[in-house]
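Readers should treat all values here as calculations from the given coordinates under stated rules, not as data from a laboratory. Bear in mind that the values here come from a model prediction, so they are computed numbers and not experimental data. For neighbour counting, all protein chains shown are included, and Cβ atoms are generated from backbone atoms with ideal geometry for every residue, glycine included.
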Amino acid sequence: MTSTDSSDARTDTRSALRADCANCFALCCTAFGFQRSADFPLDKPAGTPCSNLTEAFSCSIHDALRPRGFRGCTVFDCFGAGQYVSRTLFGGTSWRERPDTSAAMFGTFAVARQLHEMLWYLVEAAERTTASEHDEQVKQLRGDIRQTLDGDASSVLAFDVERLRADVRHLLIEVSEEVRGGYASQDVPRDLHPSADLVGRDLRSRRLCGADLRGAYLIAADLRHADLTSVDLLGADLRDARLDGADLSSALFLTQMQVDAAQGDRSTALPNFLRRPQHWPG
Ligand code: SF4
């Protein structure tokens, strides 16, 4: 790590970027919609409370989400945007108390979640880079996002997320190349590339170190006991991927959502800032 973390603790430390549902007005259960699918048993339009949401903003089936077919709820992460919007930007007044604010609150949450997600990746970029120019760019982008979030709800709503996303994406690719540069390209199998279709692929015990699997489709891939050291997994789809015994401890840009969507066990090595999902055995 080349930078000291002088950023505002309110918005862009790892702890501030973790969901705190007790301090949120269940924005993910209300603002966003979902469709009947493998992840949800029914349709819910955006902007309406889920039928399982209680008056106290908790979930009445929290301990049975997967058995009840709400798997999608167990893999969602707001990156701490829920409590930030609820408590900081809307001052602790809920959409139930002030229904007239609900549209603005839900819209702000949708933008703030994207900003928080970018901050999550930028925190990791700062930790992984040793290049001063990357470090400077990370600081600049974190500062831009923080400045927006430190404003009011209307400034968040009006923010040009797409322009920023392009800048963040460019920087993350550069940091990824820097980190993976320690691995000779001829050592990385040719079929392992960004957006690769690796659905159901048997990659058991493979040494994948330094591969760029950004946006790859690893749905139900068998990665048991694979070595994913310095593998870029930004946006990779790991739903039902088998991770038993796999080493992801220094994989790049891995999120809790990806881990929660996969299948692993107690021998799966995760980065120290991610937790082992409750549904994993052992
Ligand atoms: S099932 Fe529970 S966690 Fe999922 S959206 Fe409904 S209230 Fe929220």
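Phi-derived couplings, Karplus 6.51 cos²θ - 1.76 cosθ + 1.60 at θ = phi - 60°, listed residue by residue for region 243-255: 10, 4, x, 6, 9, 10, 4, 10, 5, 8, 6, 7, 10 Hz, with x used for Gly and Pro.
State the antiparallel share, in %, of DSSP beta bridges confined to the chain, rounding to the nearest 5. Just about 15 percent of them are antiparallel. Residues in region 173-179 carry Karplus couplings, in order, of 5, 5, 5, 4, 4, 4, 5 Hz; the curve used is 6.51 cos²θ - 1.76 cosθ + 1.60 with θ = phi - 60°, and Gly or Pro positions show x.
In region 98-142, the alpha-carbon atoms span a convex hull of 59 Å³ per residue.
D by Stokes-Einstein for the chain, Kirkwood Rh over Cα pairs, 4 °C, 1.567 mPa s: 65 µm²/s.
Both radii are taken from the alpha-carbon atoms of region 1-137; with Rh as the Kirkwood radius, Rg/Rh is 1.04.
Plainly put, region 185-282 has a radius of gyration that is 0.92 times its Kirkwood radius, both from alpha-carbon atoms, as the Rg/Rh ratio. For K139, K44, the sequence from fewest to most other C-beta atoms within 10 Å is K139, K44.
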